[in-house]
Amino acid sequence: MCDSDAEAPSCICAPGYSGIPCTWTGVLDDPGFQDQQSWTLSGGANVLERGTGAVDLGFAQLEETAACFAGAVSQTVQMPSYEAGEPLVAELTYRARGLYGVALGFNRAETQLPQTEDPSTTNDVWLTERICLGEAAYGGPVTVRLSSPEQHFSCFDEGEGIIEVDRLDIVLADPGECPAPGQVLNGTAEVAGGGWRFETTGVGIAELAEEVGREASAGVRLASEFGSAAVAWTRLSVPTSETLPSPALRFWWQGTTERLFQFRIGRQNDINKTTGNFPLDEVWGNDSEENFVYCLPPWTHGNVVELISRPVPLSPADGTSELSIDDVEIISEASCGSSSDILDPAFDAAFVAGTEIRFTGVTDRSDAQTASVTLLAEPSLSRTEDGGVLELSYWNEAAVIWLDTWVFVPESEGTDGPAFAFWSKVPEFNEKPIRSVLGRAAVNPADLQVGGDWTRNEVCLPPAWSGRWYRVQFRLGDFATVGTAPVDPPIRIYIDDLELTTSSACPSE
């Protein structure tokens, strides 16, 4: 990096670099956790300077209280810009048990890593993972944070979870390991292009192949039968919204008629586990070419995530389910909105002529045989009669709907605590109660008011999680079912105008 304003122009090394020529030496003080003073500890987190870890003495520790209630170990460092430096990865040696894993954050970008124990055994092993740094981790002061990704259900009973991190270092990425901001590793799925990774079981097939992609070009080919599995994933570096307004994901796919396929986003860790990644979409093939657009939620902005794809054979009668994928790219889609704290709060992404927008701010876990969740471009149905609206509908008593959205918890204002507000419209006659709950642990349930009119709801968010991402859910039918009879006409529930705010009804600390 050169300082052309100096009286005698000279070149200086970017942060993290030293020597002649400039060579990466790192930015973190005490990556092995042997000096507690180098780290900021909050919420009961600790650094055991003489504790025995997997690599060397010293490790960071979050016992159940810290892990359950937003404890963190953090350090603010000066990072080089992406242009001045080289691609970097975080190398993390950790173990986590009795929880949903561990979260590694760089400012607002957060990656979730899985628990390290096998629930069926007493195994408790150290794992070392490499995490590509996204754009949010480069340039200027960056806070590096270790914490629990969210509250485990045991936190509200007798929590016994613990997170221990033996070493956290930031090192140079290997060639081809990490995409540049705005790029996808081998998004065009060229056979010799690398980037994609595959995993199979049984008779599953996962590969880069000729003539299976768009217009008979090369593409990803996945094939599996009932009892086998085939998974493919590649990395994409989502820019910050300052660099690319309203980031969205677009890719081409084609699947066997009347067969189910699943796309997820996050981090792929194990073919049999989904910790660290989240449902993006479930689609049914029709042997036709499809090219959907997915609004990327703000928690992905500035982060490196993985697009994970797989066929989902439902029975032996399905035979072979085949899925082809091609042309994965990151684009700007204005209709996705500009909020950096919650995606498309007014659901206006529905208004895109000629393009099917698949809404990813809310994760849909509904059974397509009994229920659906749809982003509607029907102003007459929206609360203000001038925008989009989210419709939840069901036509069978056995229907189950789960919806998740991730929000960036605001800071308290005086005695007013953080809150998530939304409007709902639930008909007077509703077979199955719908309620809001907090987190994956589904605590603080609150039934949505029925009556057929628009009603404003406020859900208090935990103030300890201010400045962090937190999950809010809507659930219908997740408790005792009321039968399997058809519901005719279908019940239609509407959600609109999500908002992050503060409220005098919510705790501020």
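Nothing in this text is a laboratory measurement; each read-out follows from the coordinates by a stated rule. Note that the structure is a prediction, hence the values are computed from the model and not measured. Methodologically, a virtual Cβ is constructed for each residue, glycine included, from the backbone with ideal geometry; neighbour enumeration extends over all protein chains shown.
Rounded to the nearest 0.05, the FRET efficiency derived from the C-beta distance between Ser340 and Ser315 at R0 = 41 Å is 0.40. Scoring 48-56, 406-414 by mean Cβ neighbours within 10 Å over their residues and listing the highest first yields 406-414, 48-56.
For the pair Glu289 and Ser332, a Förster radius of 30 Å applied to the C-beta separation gives a FRET efficiency near 0.85, rounded to the nearest 0.05.
Place a point 7 Å from the Cα of Glu378 along the Cα-to-Cβ direction; which residues of segment 312-350 have their backbone N under 19 Å from it? Zone members listed by number: 346-350.
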